[in-house]
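Enquirer: Mind looking over this structure? Questions follow.
The values are calculated or read from the model by the stated rules, or taken from the named source; none is laboratory data. What you see is a predicted model; the values in this text were computed from it and never measured. Glycine gets a Cβ as well: all are built from the backbone with ideal geometry, and neighbour counts include every protein chain shown.
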Amino acid sequence: MRSISVLALVAALPALASPGFALAADTLDDATAVDQIVVTAGRADDKLSEVPVSMTVITAQALRQHQAVVISDLLSRTPGVTVTRNGGVGGTTQVRIRGAESDQTAVLIDGVKLNDPSATGGGYNFATLLAGDIDHIEVLRGPQSTLWGSQAIGGVVSMITKTPDGPLSGDATIEGGSRATAYGRVGVGAGGAWGGWRLAASSYTTAGISVFDDTLGGKEKDGYHNNAISGRVDLNVTDWATLDARVSYAAGRNEYDSSLPAPPYALGDTSDYGKTKELVSYVGARLSNFDGALNSRIGYAYTQTDRDNYDPTSSAPKTFDARGADNSLEYQGTWKITPIWRAVFGAETERSWFRTASPSFSSVVTRHATGMDSVYGQLQAKPVEGLTLTGGVRYDDHDTFGSATTYQAGAAWTPNAGATVIRANYGEGFKAPSLYQLYSDYGNTSLNPEEAKSWDIGVEHSILEGRARGSITYFDRKTTNQIDFVSNNTPPNFGGYANIAKAKSKGVEVEGSFDVNSLLTLSANYTSMDAVNKSAGSNYGKDLPRRAGETASADAQVSLPNGLTAGVTMQYVGHSFDTIANTRRLKSYVVTDVRIAYPINDTFELYGRVENLFDQDYETIYKYGTPGRGAFAGVRAKF
């Protein structure tokens, strides 16, 4: 295990000060809320204290207190999560959980999986994901494929949008600040015994920073613009049947820097830009039978991502054109067999399609489709008071690579009425080869799925009637059959994809919080992780690129009786390597943010924040810039 830096130790002190430790299952803003209801871990309503998997909940209160706009920034402060971005807001954004690849993270919004079938690894780019109408986020760490299928090797990021409830009401936000940044959003909805509806829209624009790091000579600012709209309707047809439909659409335009012409074929200021459009839609029915003992859901989801890149200086300006679409039909049942036994089971059929082209270089258009059928089941038992056991299995049958079977087993035990929670979990994950890896010019239809096996164990303890809580988790994951590009000297492609890579990740996550009094709350987390390459060859045993061995975050929140709130967050990211051979080192850094908010009356609230208060200069990717100090202010309203 890596040596622990002084700064990381300071950040972790609130957790270490607690007399006990536990699995990372705390909320970002209120670690004492151990028995809140979560839905992602078991695909059903569960008390957090009965969940065996390691997870963090970013609540609606945390989103509001931290004045969240860019979701990936908030995720980067949670245990075991690292984020890299090609430049400023809008640049390609990769989220890695416990050292896994970015495309090994399953990303959901209201249960619908988000991924881009046209992307090289088929993963999700967090660049266009803004806070919008998101109510809260559940982050699961460790392989979760038994319930969530392909891509859930590192974990799951599940976002749940706001639910319409009560009479007609709404909320709105508008803010502006550094780098000519402006952000506005509005949401309105209503609900009652008949069901509910909600509509929301947002717009974000910024002049940005130079994607090519300004410390290396980057001068041209690369801006970003994003517009999004979403809506949902829930209709209670009878007392046992509900229909629901949801749709969201986001369109972004990001300017970026690419390689200059020869010489030097190196990153520099260019006028390139890209356009991205993302559509997510779902329609389904929920049924309740046998006096609520059996709850069923039947749903159809369709997602589509369109990406186009342009070079205005080229005679053929469009340099890249990609479209990926995913259709899925699923059934899920939740059966409360007895007060002791519960079963969650389901079946899914998924069909994915992609098309890519590089019009400025070739007239060739690559397109292909594939499908996968799946069945899964998980059984939960509560044989004695305070003990929850789970076990599950999943079977997937892919059109190309064949079948994959994954298993999960876990336990959560509260021996003393909730003051202590002990958790242990074993999980398996897999990731199907992407369409690009299977069918592009570099594709290989003989690829097998990537596979992972992982276990973690931890204990959580609280004192002072829940005011102080500490936790510690140890995790260990091995990933095999990872897909990597193999170079050779054979034209025209000079290589292709193969299952040649292996990786291992292990580490410790420490969390804690302390409600000092009614005015002050302290919280912190610290992760020490070894994520290493286990592939045969010269890079065996070296750190996986862009995974910091140490990360930490510490937060202080003040809430005064007059409604004024203020806070400070310090985030530490240890050094990492930018290359697989570990020849280029990215230095460690600390970023400090401060914030304040004050309610004028019951309707309006003023707020402001300063990001990167001390103007820290750092890189998450070599040669790519990151935002310096920025100040932002706005007003929020509810009506």
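Enquirer: Quick one: which residue in 244, 326 is acidic (Asp, Glu) and under 30 Å from residue 165 (Cα atoms)?
Expert: On the way: 326 fails: under 30 Å from residue 165 (Cα atoms).
Being acidic (Asp, Glu) and under 30 Å from residue 165 (Cα atoms) holds for just one of 244, 326, which is 244.
Enquirer: Can you report the number of residues in segment 112-153 which are not in a loop (DSSP other than H, G, I, E, B) and not β-branched (Val, Ile, Thr)? Can you show your working first?
Expert: So in segment 112-153, the residues not in a loop (DSSP other than H, G, I, E, B) come out as 112-114, 126-128, 130, 134-141, 145-148.
In the following step, the residues that additionally are not β-branched (Val, Ile, Thr) were identified as 113-114, 126-127, 130, 135-136, 138, 140-141, 145, 147-148.
Qualifying residue count, segment 112-153: 13.
Enquirer: Hey, could you check segment 210-241 for residues that are part of a strand (DSSP E or B) and touching an Asp or Glu at 6+ places or on another chain (Cβ under 6 Å) and say which is farthest from residue 87 (Cα to Cα)? Can you show your working first?
Expert: Quick first cut of segment 210-241, residues part of a strand (DSSP E or B) only: 212, 222-238, 241.
This time we only want the ones that are touching an Asp or Glu at 6+ places or on another chain (Cβ under 6 Å), so: 212, 222-223, 230, 234.
Values: 212: 7, 222: 9, 223: 10, 230: 27, 234: 40 Å.
Applying the filter and picking the extreme gives 234.
Enquirer: If we keep just the residues of segment 159-183 that are assigned to a loop (DSSP other than H, G, I, E, B) and among the hydroxyl-bearing types (Ser, Thr, Tyr), which is farthest from the chain's Cα centre (by Cα)?
Expert: Start the filter on segment 159-183 by keeping residues that are assigned to a loop (DSSP other than H, G, I, E, B), which leaves 162-168, 178-180.
From what's left, among the hydroxyl-bearing types (Ser, Thr, Tyr): 163, 178.
Values: 163: 21, 178: 26 Å.
The selected residue is 178.
Enquirer: Turning to a different aspect of this structure: Just one of 96, 43, 85 is surrounded by fewer than 23 Cβ atoms within 10 Å (Cβ to Cβ), among the basic types (Lys, Arg) and farther than 29 Å from residue 565 by Cα; which is it?
Expert: Working: 96 fails: surrounded by fewer than 23 Cβ atoms within 10 Å (Cβ to Cβ); 85 fails: surrounded by fewer than 23 Cβ atoms within 10 Å (Cβ to Cβ).
Answer to the selection: 43.
Residues checked against (1) buried (at least 16 other Cβ atoms within 10 Å of the Cβ); (2) within 27 Å of residue 450 (Cα to Cα); (3) in contact (Cβ under 8 Å) with a residue 60 or more places away in the chain; (4) more than 22 Å from the chain's Cα centre (by Cα):
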| position | (1), (2), (3), (4) |
| --- | --- |
| 502 | yes, yes, no, yes |
| 512 | yes, no, yes, no |
| 526 | yes, no, yes, no |
| 535 | yes, yes, no, yes |
| 541 | no, yes, no, yes |
| 562 | no, no, no, yes |
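Enquirer: Still on this structure, please answer the following. Which of the residues belonging to segment 579-630 are of a type in the set (Asp, Glu) and crowded, with 16+ Cβ neighbours inside 10 Å? Steps first, please.
Expert: Narrowing segment 579-630 to residues of a type in the set (Asp, Glu): 593, 602, 605, 611, 615, 617, 619.
593, 605, 611, 619, listed by residue number.
Enquirer: Something else: Given (1) over 23 Å from the mean Cα position of the chain (by Cα); (2) over 30 Å from residue 626 (Cβ atoms); (3) touching a residue at least 40 places away in the same chain (Cβ under 8 Å), where does residue 232 come up short, assuming only one miss?
Expert: (1)
Enquirer: Here are some conditions: (1) more than 27 Å from residue 619 (Cα to Cα); (2) in a loop (DSSP other than H, G, I, E, B). Residue 186 meets all but one. Which one does it not meet?
Expert: (2)
Enquirer: Looking at 490, 479 in this structure, which one is surrounded by 21 or more Cβ atoms within 10 Å (Cβ to Cβ) and either of a type in the set (Ser, Thr, Tyr) or out of contact with any strand residue (DSSP E or B) (no Cβ under 9 Å at 6 or more places or on another chain) (or both)? If you could, list the steps in order and put the result at the bottom.
Expert: On the way: 490 fails: surrounded by 21 or more Cβ atoms within 10 Å (Cβ to Cβ).
The conditions single out 479.
Enquirer: Select from segment 401-410 the residues that are crowded, with 18+ Cβ neighbours inside 10 Å and in contact (Cβ under 8 Å) with a residue 40 or more places away in the chain and write down the one among them that is nearest to residue 454 (Cα to Cα). Walk me through it before giving the result.
Expert: Taking segment 401-410 as the starting set, the residues that turn out to be crowded, with 18+ Cβ neighbours inside 10 Å are 401, 404, 406, 408-410.
When the remaining residues are screened for being in contact (Cβ under 8 Å) with a residue 40 or more places away in the chain, the result is 401, 404, 406, 408, 410.
Numbers: 401: 23, 404: 16, 406: 12, 408: 10, 410: 12 Å.
The extreme case among them is 408.
Enquirer: For segment 371-397, give me the residue count where each residue is surrounded by 15 or more Cβ atoms within 10 Å (Cβ to Cβ) and either modelled with pLDDT under 95 or over 18 Å from residue 149 (Cα atoms) (or both).
Expert: 7
Enquirer: Follow-up. So, in segment 335-365, of the ones that are surrounded by fewer than 18 Cβ atoms within 10 Å (Cβ to Cβ) and β-branched (Val, Ile, Thr), which residue ends up farthest from residue 44 (Cα to Cα)?
Expert: 364
Enquirer: For the structure I just gave you, tell me whether residue 406 is modelled with pLDDT under 95, closer than 26 Å to residue 498 by Cβ and in contact with a Phe, Trp or Tyr (Cβ under 8 Å, 6 or more places away or on another chain). Walk me through how you get there before you give the answer.
Expert: Numbers: modelled with pLDDT under 95: no; closer than 26 Å to residue 498 by Cβ: yes; in contact with a Phe, Trp or Tyr (Cβ under 8 Å, 6 or more places away or on another chain): yes.
Considered against the rule, which asks whether it is modelled with pLDDT under 95, closer than 26 Å to residue 498 by Cβ and in contact with a Phe, Trp or Tyr (Cβ under 8 Å, 6 or more places away or on another chain), residue 406 comes out as no.
Enquirer: So residue 156 fits all but one of (1) over 30 Å from residue 604 (Cβ atoms); (2) outside any strand (DSSP E or B); what number is the exception?
Expert: Just one mismatch for residue 156, condition (2).
Enquirer: Among the candidates 351, 367, single out the residue that is free of Cβ contacts under 8 Å to residues at least 40 places away in the same chain, touching a Phe, Trp or Tyr at 6+ places or on another chain (Cβ under 8 Å), under 23 Å from residue 121 (Cα atoms) and in a strand (DSSP E or B).
Expert: On the way: 351 fails: touching a Phe, Trp or Tyr at 6+ places or on another chain (Cβ under 8 Å).
Among 351, 367, only 367 is free of Cβ contacts under 8 Å to residues at least 40 places away in the same chain, touching a Phe, Trp or Tyr at 6+ places or on another chain (Cβ under 8 Å), under 23 Å from residue 121 (Cα atoms) and in a strand (DSSP E or B).
Enquirer: Hey, another quick one. If we scan segment 184-192, do we find a residue that is of a type in the set (Gly, Ala, Ser) and in contact (Cβ under 8 Å) with a residue 60 or more places away in the chain? Spell out the reasoning first.
Expert: Filtering segment 184-192 for residues of a type in the set (Gly, Ala, Ser) gives 184, 187, 189-192.
When the remaining residues are screened for being in contact (Cβ under 8 Å) with a residue 60 or more places away in the chain, the result is none.
Within segment 184-192 (the criterion being of a type in the set (Gly, Ala, Ser) and in contact (Cβ under 8 Å) with a residue 60 or more places away in the chain), the answer is no, since none of the residues qualifies.
Enquirer: Among the residues of segment 375-382, is there at least one that is without any contact (Cβ under 8 Å) to a residue 24 or more places away in the chain and of a type in the set (A, V, I, L, M)? Full working, then the answer.
Expert: Here is the first cut: in segment 375-382, the ones without any contact (Cβ under 8 Å) to a residue 24 or more places away in the chain are none.
No, there is no match, as no residue in segment 375-382 is without any contact (Cβ under 8 Å) to a residue 24 or more places away in the chain and of a type in the set (A, V, I, L, M).
Enquirer: Continuing with the same structure: Would you mind stating whether residue 441 is surrounded by fewer than 17 Cβ atoms within 10 Å (Cβ to Cβ), in contact (Cβ under 8 Å) with a residue 24 or more places away in the chain, over 24 Å from the mean Cα position of the chain (by Cα) and outside any loop (DSSP other than H, G, I, E, B)? If you could, list the steps in order and put the result at the bottom.
Expert: On the way: surrounded by fewer than 17 Cβ atoms within 10 Å (Cβ to Cβ): yes; in contact (Cβ under 8 Å) with a residue 24 or more places away in the chain: yes; over 24 Å from the mean Cα position of the chain (by Cα): yes; outside any loop (DSSP other than H, G, I, E, B): no.
No; evaluated as a whole, the condition is false for this residue.
Enquirer: Looking at 259, 296 in this structure, which one is surrounded by fewer than 19 Cβ atoms within 10 Å (Cβ to Cβ) and touching a Gly at 6+ places or on another chain (Cβ under 6 Å)?
Expert: On the way: 259 fails: touching a Gly at 6+ places or on another chain (Cβ under 6 Å).
Of 259, 296, the one residue that is surrounded by fewer than 19 Cβ atoms within 10 Å (Cβ to Cβ) and touching a Gly at 6+ places or on another chain (Cβ under 6 Å) is 296.
Enquirer: Where residues in segment 456-485 are among the aromatic types (Phe, Trp, Tyr) and free of Cβ contacts under 8 Å to residues at least 60 places away in the same chain, which of them is farthest from residue 522 (Cα to Cα)? Even if it seems obvious, please write down each step before you answer.
Expert: We begin by selecting, within segment 456-485, every residue among the aromatic types (Phe, Trp, Tyr); these are 474-475, 485.
Then keep just the ones that are free of Cβ contacts under 8 Å to residues at least 60 places away in the same chain; that gives 474, 485.
Details: 474: 23, 485: 45 Å.
Looking at residues that are among the aromatic types (Phe, Trp, Tyr) and free of Cβ contacts under 8 Å to residues at least 60 places away in the same chain, I get 485.
Enquirer: I would also like to ask the following. Looking at segment 237-250, is at least one residue at pLDDT 95 or above, under 23 Å from residue 68 (Cα atoms) and in contact with a helix residue (DSSP H, G or I) (Cβ under 6 Å, 6 or more places away or on another chain)?
Expert: Scanning segment 237-250 turns up at least one residue that is at pLDDT 95 or above, under 23 Å from residue 68 (Cα atoms) and in contact with a helix residue (DSSP H, G or I) (Cβ under 6 Å, 6 or more places away or on another chain).
Enquirer: Please find, among 121, 155, the residue that is buried (at least 24 other Cβ atoms within 10 Å of the Cβ) and either polar (S, T, N, Q) or touching a residue at least 12 places away in the same chain (Cβ under 8 Å) (or both).
Expert: After ruling out the rest, the residue left standing is 155.
Enquirer: When the residues of segment 603-639 are narrowed to those that are part of a loop (DSSP other than H, G, I, E, B) and closer than 30 Å to residue 169 by Cα, which ends up modelled with the lowest pLDDT? Outline the logic, then answer.
Expert: First pass over segment 603-639, keeping only residues part of a loop (DSSP other than H, G, I, E, B): 603, 612-623, 625-629, 639.
Imposing the further condition that a residue be closer than 30 Å to residue 169 by Cα reduces the set to 603, 639.
Working: 603: 97, 639: 92.
If we take residues in segment 603-639 being part of a loop (DSSP other than H, G, I, E, B) and closer than 30 Å to residue 169 by Cα, then 639 is modelled with the lowest pLDDT.
Enquirer: Oh, and also: Within the set of pairs 6 or more residues apart or between chains, which connect a residue that is over 20 Å from residue 618 (Cα atoms) inside segment 202-224 to a residue that is of a type in the set (Asp, Glu) with Cβ atoms less than 8 Å apart?
Expert: 202/133; 224/255
Enquirer: So how many residues does segment 260-300 have that are over 30 Å from residue 343 (Cβ atoms), among the hydroxyl-bearing types (Ser, Thr, Tyr) and in contact with a strand residue (DSSP E or B) (Cβ under 6 Å, 6 or more places away or on another chain)? Don't jump to the end; show me each part of the working.
Expert: At the first step, the residues of segment 260-300 found to be over 30 Å from residue 343 (Cβ atoms) are 260-279.
Still in the list and also among the hydroxyl-bearing types (Ser, Thr, Tyr): 265, 270-271, 273, 276.
Of the ones still in play, those that are also in contact with a strand residue (DSSP E or B) (Cβ under 6 Å, 6 or more places away or on another chain) are 265, 273, 276.
Number of matching residues: 3.
Enquirer: Scan segment 227-244 residue by residue and report those that are under 25 Å from residue 208 (Cβ atoms) and touching a Lys or Arg at 6+ places or on another chain (Cβ under 8 Å). Quick ask: steps written out before the conclusion?
Expert: The first filter runs over segment 227-244 and keeps only residues under 25 Å from residue 208 (Cβ atoms), leaving 227-230.
Listed by number, the list holds a single entry, 230.
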